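The values are calculated or read from the model by the stated rules, or taken from the named source; none is laboratory data. Everything quoted here is computed from the prediction, not taken from an experiment. Don't worry about glycine lacking a Cβ; one is built from the backbone with ideal geometry, like all the others, and counts go over all protein chains shown.
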Amino acid sequence: MPLWVPITLVAALFQTWRTALQQRLRGRLSVGTAGFVRYLYAVPVGLFLLLAFRAVSGA
């Protein structure tokens, strides 16, 4: 199985989780604040994925 298949499935899972979280937050916060929180949560995940990619690729 090519590597892109599991990566795509995991990305879809995270997208679904992020959308569900934002929908819950929109009931309590403004749209702008909910978007900010969504991106704030994405920073550690993005850094982890970058470090994992660099470790796997040897860069």
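Details
- Check on Ser30, surrounded by 10 or more Cβ atoms within 10 Å (Cβ to Cβ), small (Gly, Ala, Ser) and more than 16 Å from the chain's Cα centre (by Cα): yes
- Boolean, Leu3 is within 12 Å of the chain's Cα centre (by Cα) and not polar (S, T, N, Q): no
- Test: residue in segment 13-22 that is of a type in the set (Lys, Arg), in contact with a Lys or Arg (Cβ under 9 Å, 6 or more places away or on another chain) and outside any loop (DSSP other than H, G, I, E, B): yes
- Flag for Ala52 being surrounded by 10 or more Cβ atoms within 10 Å (Cβ to Cβ) and out of contact with any helix residue (DSSP H, G or I) (no Cβ under 7 Å at 6 or more places or on another chain): yes
- When residues of segment 4-30 are limited to those that are hydroxyl-bearing (Ser, Thr, Tyr) and modelled with pLDDT of 90 or more, the one nearest to Ala42 (Cα to Cα): Thr16
- Within segment 30-55, residues that are part of a helix (DSSP H, G or I) reach partners that are exposed (fewer than 10 other Cβ atoms within 10 Å of the Cβ) and modelled with pLDDT under 90 with beta carbons closer than 8 Å, at six or more positions or on different chains, in the pairs Phe53/Ala59.
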